[in-house]
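Below: the structure, in structure tokens.
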Amino acid sequence: MTTETMPASDVLHEEQFIHITTNNEDYRLDLHGVITEISLRYLAIHIDCAPDVFLDVPAADIPLDCAVTGNGCVYRFTTSFRSSSVLEDMTWCLEKPADVNRVQMRHFVRVPIALPMLVKLPGRYGNLRNATITTLVDLSGGGLCFACNEEVPLQSRVAIAIPGVPLYGTLKTDALVERCTPIEVPSGTIYHVGVSLEGRLTPREQDKLVQSVFFLQRDYLRKGLRMPNLDHTHPANDN
């Protein structure tokens, strides 16, 4: 993982998703929002939270740790609260930073999550079969793993649809199979199929997915669970 300082004007833009947290012991904050306006000195953020959380604004001297995503990177900066809108608009104004720190991630964080999903597996002649219902095993900003009753050829294309992904909605795209690992279960053998989403999503979709994974990771750790070290999206000979 590498870091680099960049001008905020080169990174921040309207309709960009943002994550806001604090490390203050007396004021805990963990919010998601969207940048709706950027002025010379301020960022206007539409906050996604309950009304009582929105109204409990931080003091101006409490540092706010912010993160935005893009192109496989996380951009972090620290700022402060300045003002808020009326409750109906759900908007906070934060001090605009001069610079942000880019964190280049070699591998995306992968979070276990069990969700029902649809998958179209490759057919005999290169076509895709009808969709079947299966279960998502884990998810990252660059790929995912699902359970399958049969072995799926490496480098083959599949189509997936996962409704109800937190902060994202329905994730629907095609993907490339990078791993197919046999797993022994009491009823026999199933396969954990790891697929890559790299190059399959728009920048906005990628940002939303990374924010979803960050949300799931925090929820996972908040429950006191240990994050497993999983990587299904790179071929075994890459280790």
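Is it the case that the range 223-237 has a residue that's hydrophobic (A, V, I, L, M, F, W, C) and modelled with pLDDT of 80 or more?
Looking through the range 223-237, none of the residues is hydrophobic (A, V, I, L, M, F, W, C) and modelled with pLDDT of 80 or more.
Of V100, V111, which residue is touching a residue at least 60 places away in the same chain (Cβ under 8 Å), within 30 Å of C145 (Cβ to Cβ) and among the β-branched types (V, I, T)?
On the way: V100 fails: within 30 Å of C145 (Cβ to Cβ).
That would be V111, the only listed residue that is touching a residue at least 60 places away in the same chain (Cβ under 8 Å), within 30 Å of C145 (Cβ to Cβ) and among the β-branched types (V, I, T).
Taking the options I190, I160, I183, name whichever one is assigned to a strand (DSSP E or B), within 30 Å of H32 (Cβ to Cβ) and modelled with pLDDT of 85 or more.
The match here is I160.
So, L40, is that one touching a helix residue (DSSP H, G or I) at 6+ places or on another chain (Cβ under 8 Å), over 26 Å from Q217 (Cα atoms) and surrounded by fewer than 14 Cβ atoms within 10 Å (Cβ to Cβ) or not?
no
Could you name every one of the strands (runs of 3 or more DSSP E) located completely within the range 30-120 that has at least 2 residues being touching a Leu at 6+ places or on another chain (Cβ under 9 Å)?
In the range 30-120, 30-38, 42-48, 64-70, 73-79, 81-84, 91-95, 110-112, 116-120 are the strands (runs of 3 or more DSSP E) which contain 2 or more residues that are touching a Leu at 6+ places or on another chain (Cβ under 9 Å).
Condition first: over 26 Å from the mean Cα position of the chain (by Cα), small (G, A, S) and surrounded by 14 or more Cβ atoms within 10 Å (Cβ to Cβ). Now tell me which residues in the range 58-88 satisfy that.
S84, S85
Based on what the data block shows, is G199 loosely packed, with under 12 Cβ neighbours inside 10 Å and closer than 30 Å to I20 by Cα?
Numbers: loosely packed, with under 12 Cβ neighbours inside 10 Å: yes; closer than 30 Å to I20 by Cα: yes.
Judged against the criteria, G199 is a match.
The values are calculated or read from the model by the stated rules, or taken from the named source; none is laboratory data. Keep in mind the model is a prediction, meaning the values are calculated, not measured. Glycine gets a Cβ as well: all are built from the backbone with ideal geometry, and neighbour counts include every protein chain shown.
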